[in-house]
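**Student:** Take this structure first; my questions come after.
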Amino acid sequence: MIRDIIFQRNFFRFAHRIFLWHVKYFVRQKVSPLACGFYLTSKCNFQCELCNIWRINPGFQMPEAEARKLINELCKMGLVYFSFSGGEPLIIPYVFDLLAYAKESGIIYTHVVSNGYLMDETMAKRLAYARVSEISFSLDGDEKVHDKNRAMNGAFKKVIEAIEYVKTYAPKTRIVLNTILDPAYPENAIFAIKTAKHMRVKIKVQPVNDHPSFGVRECAVKSRRSLQSDEKQKLLDAIALIQSSPHVINSKPFLENYKAFLFCPENLMFAKDDCIFGYHHIEFFANQIFPCLEGLDWKEGFDVSTSSVEAILESNAYRNKLQELKKCSHCKRNYYICYYEPRLNFPIWNLITSRLRTPKMRDND
Ligand code: SF4
Ligand code: SF4
């Protein structure tokens, strides 16, 4: 992302906002979001078994006018990175208008996550019109694995086609595949990584995590099965291969710490430090604001329909929540790329520390 920002000649604007954040945080611990994860809708054209979001009843969808108002406010606060996810954002007819609006309003880097099924020539041209910085497509493994996970025949082929459409009709939009690294089946992530290499796109690896239940059913605890020693070795070999793949965009500290997360969580970097994620990130889910969804168990956010974003961020209730979250340890429970990668790279003192320190590993956990 940083390389793209420099390439797009936005580096000074980017550096200025980052500098201002540090000043505001040091002077009065001001909350000023630089990055925003926005769940536009819970609706999806897929019904993946392990995902509960499409099961939320009643579902949610942020109306266009409301979303524009929020984007406008976030922009005034100096937002750098804005990402739409869901559900499937591409089923929302105004998603590209909102992404275009975000870019026009001064947000430097825009991103949208998709399962790729609806991407076609028209959709890719709209992506180009909205000057979207990055699109991510999920890829779980080979055709059989992917179609089974997504409960949709042809889903794999659609991802491959989607990549080609974006390359052809939105060549300035960066394509990044998302794959899940399941400790018990690392070969699936390796297949996705090889596919990314073959198609000359980037890929990021998300560790498998326990999905939130949203109160609709129990979480399927898939990530906690203990591994046999040969499985452990297979996983470590896979992580080494991932670390050495230049088209994988996870940071080296993130992958290194993933081993600590799996085998020795007490050695996870920054796990004992105060977490200030909510001072530089913000999330929107079910038409509410959250400083960190995972930290708040995906519930009891702040209603955006009655106050401005700024008023909510300045409120005592929000600041008290941030104080509580400083002691949160949910990153030891689930190792999400969207939480731990930012923590390893921001603020500047974490970026430097994470590059200098290596987690200690026990040999026989
Ligand atoms: S495509 Fe994504 S949002 Fe849709 S059901 Fe599957 S995992 Fe959930
Ligand atoms: S520790 Fe992790 S889950 Fe908890 S608030 Fe911080 S980033 Fe969020």
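**Student:** Out of D147, D140, I need the residue that is crowded, with 20+ Cβ neighbours inside 10 Å, modelled with pLDDT of 95 or more and more than 30 Å from Y279 (Cα to Cα). Which one? It would help to see each step written out before you state the result.
**Tutor:** On the way: D147 fails: crowded, with 20+ Cβ neighbours inside 10 Å.
None of the others qualify; the one that does is D140.
**Student:** Could I ask something else about it? Within the group L40, L70, which residue is within 16 Å of ligand 1 (Cβ to nearest atom) and of a type outside the set (F, W, Y)? Even if it seems obvious, please write down each step before you answer.
**Tutor:** Details: L70 fails: within 16 Å of ligand 1 (Cβ to nearest atom).
Just one listed residue meets the conditions, L40.
**Student:** Restricting to the stretch 154-203, count the residues that are at negative phi and either outside any helix (DSSP H, G or I) or among the basic types (K, R) (or both).
**Tutor:** The first filter runs over the stretch 154-203 and keeps only residues at negative phi, leaving 155-199, 201-203.
Narrowing the set further to residues that are either outside any helix (DSSP H, G or I) or among the basic types (K, R) (or both) leaves 157-158, 167, 170-185, 194, 197, 201-203.
Total meeting the criteria: 24.
**Student:** Mind listing whichever residues of the stretch 321-359 are small (G, A, S) and more than 19 Å from the chain's Cα centre (by Cα)? Don't jump to the end; show me each part of the working.
**Tutor:** First, pick out the residues of the stretch 321-359 that are small (G, A, S): 329, 354.
Answer for the stretch 321-359, where residues must be small (G, A, S) and more than 19 Å from the chain's Cα centre (by Cα): just S354.
**Student:** Among the residues of the stretch 349-365, are any within 11 Å of ligand 2 (Cβ to nearest atom) and either part of a loop (DSSP other than H, G, I, E, B) or not β-branched (V, I, T) (or both)? Can you show your working first?
**Tutor:** Taking the stretch 349-365 as the starting set, the residues that turn out to be within 11 Å of ligand 2 (Cβ to nearest atom) are none.
No, the stretch 349-365 contains no residue that is within 11 Å of ligand 2 (Cβ to nearest atom) and either part of a loop (DSSP other than H, G, I, E, B) or not β-branched (V, I, T) (or both).
**Student:** Here's a follow-up. For the stretch 213-223, state whether one or more residues are under 20 Å from the mean Cα position of the chain (by Cα), buried (at least 17 other Cβ atoms within 10 Å of the Cβ) and within 16 Å of ligand 2 (Cβ to nearest atom).
**Tutor:** yes
**Student:** Of the residues A317, A271, A311, A286, only one is out of contact with any strand residue (DSSP E or B) (no Cβ under 6 Å at 6 or more places or on another chain) and within 18 Å of S85 (Cβ to Cβ); which? Don't jump to the end; show me each part of the working.
**Tutor:** Details: A317 fails: within 18 Å of S85 (Cβ to Cβ); A271 fails: within 18 Å of S85 (Cβ to Cβ); A311 fails: within 18 Å of S85 (Cβ to Cβ).
Going through A317, A271, A311, A286 in turn, just one is out of contact with any strand residue (DSSP E or B) (no Cβ under 6 Å at 6 or more places or on another chain) and within 18 Å of S85 (Cβ to Cβ): A286.
**Student:** Here's another thing I want to ask about it. I'd like to verify a number: residues in the stretch 37-60 that are surrounded by fewer than 19 Cβ atoms within 10 Å (Cβ to Cβ) and of a type outside the set (A, V, I, L, M, F, W, C), how many?
**Tutor:** Final tally of qualifying residues: 8.
**Student:** Evaluate the stretch 180-192: report whether one residue or more is under 17 Å from the mean Cα position of the chain (by Cα), farther than 30 Å from L241 by Cα and aliphatic (A, V, I, L, M).
**Tutor:** no
Condition check ((1) aromatic (F, W, Y); (2) farther than 20 Å from I91 by Cβ; (3) out of contact with any strand residue (DSSP E or B) (no Cβ under 6 Å at 6 or more places or on another chain)) across all residues:
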position	(1), (2), (3)
T110	no, no, no
G116	no, no, no
T122	no, no, yes
A128	no, no, yes
E134	no, no, no
S138	no, no, no
K144	no, yes, yes
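Here's the yes/no breakdown for (1) of a type in the set (S, T, N, Q); (2) touching a His at 6+ places or on another chain (Cβ under 8 Å):
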{"residue": "P291", "(1), (2)": "no, yes"}
{"residue": "T306", "(1), (2)": "yes, no"}
{"residue": "V309", "(1), (2)": "no, no"}
{"residue": "S329", "(1), (2)": "yes, no"}
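**Student:** Filtering the stretch 282-305 down to residues that are farther than 18 Å from S213 by Cβ and of a type in the set (A, V, I, L, M, F, W, C), which residue is farthest from ligand 1 (Cβ to nearest atom)?
**Tutor:** Looking at the filtered set, the residue picked out is F302.
The values are calculated or read from the model by the stated rules, or taken from the named source; none is laboratory data. Remember, predicted model here, so these are calculated numbers, not experimental data. Backbone-built Cβ (ideal geometry, glycine too); neighbour counts: all protein chains shown.
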